[in-house]
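Heads up, the thing below is written out as structure tokens.
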Amino acid sequence: MAGGLRTEHVGATVRLAGWVHRRRDLGGLVFIDLRDRQGVVQVSCDPETLSEEAMERARRLGAETVIAVEGVVAARPPDAVNPEMPTGEVEVKAAEVVALAPSETPPILVAYGADEELAAEELRLRYRYLDLRRQELQRNFQLRHRVFQTIRRTLDELEFVEVETPMLTRPTPEGARDYLVPSRVNPREFYALPQSPQLYKQILMVSGFDRYFQIARCFRDEDLRADRQPEFTQLDLEMSFVKEEDVWAVLETVMATVWQQVAGRPVETPFLRMTHREALESYGTDKPDLRIPWRVHDLSDDLGGSEFRIFRSAVEEGGRVRGICVPGGSELSRKALDELDGLARGVGAAGALWTRLAEGGAQGGFGPKISAEELTAVSERLGASDGDVLVVVAGPDRVTSPALDVVRRHLGRTLDAVEPGDRFLWVTEFPLFEPDPDTGEPVPSHHPFTGFDPGDLDLLENDPLAVRSRAYDLVYNGSELGSGSIRINDPELQRQVLEVLGIGAEEAQRRFGFLLEAFRYGAPPHGGFAVGLDRMVMHLAGGSSLREVIAFPKTTAARALMEGAPSPVDDDELEDLGIKLV
RNA sequence: GGGGCUGUAGCUCAGUUGGUUAGAGUGCCGGUCUGUCACACCGGAGGCCGCGGGUUCGAGUCCCGUCAGCCCCGCCA
């Protein structure tokens, strides 16, 4: 193909087809850059080898016209070699050039020059078929294809069976908002598009498919972000007769194989593991970016008795003083350090305090307000030395954790302290429940079928928020790639968990009775995982938005600009469905 | 639901304190050109200043509203 021609092809007669990437008309000679899926090659049109009619046609070709070219691959004259292009040592001497399909002048560019700005994203989404012709996007989707193929091959070798589950399913009152689909033959009733195949895959375990996977489309009607689309693709899998380690081993094999075979990046397995508690304690987040080496430490013992009121009163009120050492942070300007305070306030903390270490003392910020002994104790605990900056936040964990997390990530970036690499991490033992922010009542932190540590059985009734679940997340460079758990397969335990959630037998029966019923007929112990594939491909492609790896994405208002969805429908159609608009 | 940024030629952008005829680059059209590669050079066409309202003698510029795109918070079991 055009983009694949190299010096080894010199002398070959070729027939190429593709798009006019660019054209350079020198009067006597015309050069056409011909683009196909593989790339771009220069076609030279010379009256010595082309008929007068073909020369005239070549002169009139506009950008993005589809053409076919016949000719001979030739080495370029030495002074005409273009080292910038993969095909730059060769060109095709055209013997015939014909237009297969004309193109109107494109509203946005496909062939961007070195420092030309991309057209507005709104326009690129409106004319997605043109934008997708760009080499960056072509590369992303070839990458996506290879990731999907590698996953299927790897799981097949591990004897997983791919099973599809319904897209028209039962609405789920919990979790994200559902996309609803009216049923014409059952007026006043609705299907929902699946938020995930969760219940189906557990039932497949009851059915004996002891290793299931699916590359499943999922739908959630929530507000969008750069890394959140209303419809997205998950690698969903479930296994019977397994413990955590068995699930992790499969995921580690899949990830390492993809990273190795698709990106050529070796990844060490097994991945690092860390409990949820430890992640929050040492990094202030349940998805730590381990590329930044700094850790959060508890300074309450050192500063809880300080004369400095902010520290003392935080500890007296049941909170803690926590901080990080930022090596080399003294080079930061006072303004840059004061900005940390705003970052901390932005996530609910009262502020963030800093001080610079120099010449055995502390300069600026909170340093002069604490005693020399306190400073020594803190410096030792943080392993700090001259030239470092200490950043400290005081208060309850629910504010110090996010504040130190945001400070850590912010300074990691600005000080260029993010080490290169692929840092995978299992975060384990998430709490089974978390308090509802409005009512304080326990709600599932994963989903209501998540198993828990048998040792915590007695806590279920008395202190449910302390129960450790068997749920785990896979974190990659500070981004959550997926989550899973070992499930409950004992109907009695399931009943107890639902009771904690305030879901009585009748309600449970109504909402997911089909799952509970299935469990009465021999449910094997089972567990699984789901990986956000769009996010995974985005990371592999080095992108920052899912729109770069989804062929036809939605805008932040969940609109499709090319085809114009959603859209109003005719009254007749609504009437058929028994729906009246208000 | 809330906060922020953006909206001027097909595209990317400039546009002063509110001032009379809204500019540049690129693309497009016409011309010259046999080794270019974002070809070069000469000429030309091209504008609902997102939309609606207001202030003013006068609005691309100020005010209010609204729409769209993007980023973030809430939300996303």
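The set of residues in segment A:318-332 that are farther than 20 Å from A:Leu280 by Cβ and either of a type in the set (Asp, Glu) or open to solvent by 60 Å² or more (accessible area, probe 1.4 Å) (or both) comprises A:Pro327, A:Glu331. Given the condition under 19 Å from A:Asp473 (Cα atoms), in contact with a strand residue (DSSP E or B) (Cβ under 6 Å, 6 or more places away or on another chain) and crowded, with 19+ Cβ neighbours inside 10 Å, answer yes or no: does some residue in segment A:218-228 qualify? Yes, there is a match, as at least one residue in segment A:218-228 is under 19 Å from A:Asp473 (Cα atoms), in contact with a strand residue (DSSP E or B) (Cβ under 6 Å, 6 or more places away or on another chain) and crowded, with 19+ Cβ neighbours inside 10 Å. The residues on offer are A:Gly175, A:Gly88, and the sole one that is near RNA strand B (Cβ under 7 Å from one of its atoms), more than 27 Å from A:Arg23 (Cα to Cα) and assigned to a loop (DSSP other than H, G, I, E, B) is A:Gly175. Within segment A:85-108, residues that are closer than 25 Å to A:Val10 by Cα have Cβ atoms under 9 Å from residues that are within 10 Å of RNA strand B (Cβ to nearest atom) and among the basic types (Lys, Arg) in these pairs: A:Gly88/A:Arg76; A:Glu89/A:Arg76; A:Val90/A:Arg76; A:Glu91/A:Arg76; A:Ala99/A:Arg60, counting only partners at least 6 apart in sequence or on another chain. Does A:Ala75 meet the test of being out of contact with any helix residue (DSSP H, G or I) (no Cβ under 6 Å at 6 or more places or on another chain), more than 9 Å from RNA strand B (Cβ to nearest atom), among the aliphatic types (A, V, I, L, M) and open to solvent by 40 Å² or more (accessible area, probe 1.4 Å)? Yes. Checked against the criterion of being more than 14 Å from RNA strand B (Cβ to nearest atom) and within 24 Å of A:Arg559 (Cα to Cα), the candidates A:Arg144, A:Arg153 yield just one match: A:Arg144.
For segment A:91-123, filtered to residues that are near RNA strand B (Cβ under 9 Å from one of its atoms) and open to solvent by less than 40 Å² (accessible area, probe 1.4 Å), the residue that is nearest to the chain's Cα centre (by Cα) is A:Ala119. Only one of the numbered conditions (1) at pLDDT 95 or above; (2) open to solvent by 10 Å² or more (accessible area, probe 1.4 Å); (3) away from RNA strand B (no atom under 14 Å from the Cβ); (4) out of contact with any helix residue (DSSP H, G or I) (no Cβ under 6 Å at 6 or more places or on another chain) is not met by A:Glu53, and that is (1).
Yes or no, residue by residue, for (1) of a type outside the set (A, V, I, L, M); (2) open to solvent by 20 Å² or more (accessible area, probe 1.4 Å); (3) on the phi > 0 side of the Ramachandran plot:
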site: A:Val531; (1), (2), (3): no, no, no
site: A:His539; (1), (2), (3): yes, yes, no
site: A:Leu561; (1), (2), (3): no, yes, no
site: A:Val582; (1), (2), (3): no, yes, no
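Exactly one residue out of A:Arg37, A:Arg60, A:Arg22, A:Arg15 is open to solvent by 40 Å² or more (accessible area, probe 1.4 Å), closer than 24 Å to A:Gln135 by Cβ and more than 37 Å from the chain's Cα centre (by Cα): that is A:Arg15. One residue is enough: does segment A:2-11 have a residue meeting the conditions out of contact with any Ser or Thr (no Cβ under 6 Å at 6 or more places or on another chain) and more than 16 Å from RNA strand B (Cβ to nearest atom)? Yes, segment A:2-11 contains a residue that is out of contact with any Ser or Thr (no Cβ under 6 Å at 6 or more places or on another chain) and more than 16 Å from RNA strand B (Cβ to nearest atom). Figure legend. Inter-residue proximity from segment A:564-581: first residues within 19 Å of A:Val185 (Cβ to Cβ), second residues assigned to a helix (DSSP H, G or I) and open to solvent by less than 100 Å² (accessible area, probe 1.4 Å), beta-carbon distance below 6 Å, spacing 6+ or different chains. No pairs are indicated.
If you filter segment A:200-212 down to residues that are aromatic (Phe, Trp, Tyr) and open to solvent by 20 Å² or more (accessible area, probe 1.4 Å), you find that the one that is nearest to RNA strand B (Cβ to nearest atom) is A:Tyr200.
For segment A:234-270, filtering for residues that are farther than 22 Å from A:Thr450 by Cα and open to solvent by less than 10 Å² (accessible area, probe 1.4 Å) leaves 4. Of the strands (runs of 3 or more DSSP E) contained entirely in segment A:216-331, those carrying at least 2 residues that are of a type outside the set (Gly, Ala, Ser) and within 16 Å of RNA strand B (Cβ to nearest atom) fall at A:231-240.
If you filter segment A:170-199 down to residues that are surrounded by fewer than 18 Cβ atoms within 10 Å (Cβ to Cβ) and closer than 29 Å to A:Val254 by Cα, you find that the one that is modelled with the lowest pLDDT is A:Gly175. Residues that are within 11 Å of RNA strand B (Cβ to nearest atom) and outside any helix (DSSP H, G or I) within segment A:56-68 comprise A:Leu61, A:Gly62, A:Ala63, A:Glu64, A:Thr65, listed in sequence order. Is there a residue in segment A:42-50 that is within 10 Å of RNA strand B (Cβ to nearest atom), open to solvent by 40 Å² or more (accessible area, probe 1.4 Å), touching a Ser or Thr at 6+ places or on another chain (Cβ under 9 Å) and free of Cβ contacts under 8 Å to residues at least 60 places away in the same chain? No: segment A:42-50 contains no residue that is within 10 Å of RNA strand B (Cβ to nearest atom), open to solvent by 40 Å² or more (accessible area, probe 1.4 Å), touching a Ser or Thr at 6+ places or on another chain (Cβ under 9 Å) and free of Cβ contacts under 8 Å to residues at least 60 places away in the same chain.
When restricted to residues that are outside any strand (DSSP E or B), away from RNA strand B (no atom under 16 Å from the Cβ) and touching a residue at least 24 places away in the same chain (Cβ under 8 Å), segment A:341-364 contains 6.
Name every residue in segment A:436-448 that is crowded, with 17+ Cβ neighbours inside 10 Å and more than 8 Å from RNA strand B (Cβ to nearest atom), in order of residue number. Within segment A:436-448, just A:Pro442 meets the criteria.
The values are calculated or read from the model by the stated rules, or taken from the named source; none is laboratory data. Just so it is clear, the model here is predicted, and its values are computed rather than measured. Glycine gets a Cβ as well: all are built from the backbone with ideal geometry, and neighbour counts include every protein chain shown. Side chains included, ligands, DNA and RNA excluded: accessible areas come from the protein's heavy atoms. Shrake-Rupley method; radii C 1.70, N 1.55, O 1.52, S 1.80 Å.
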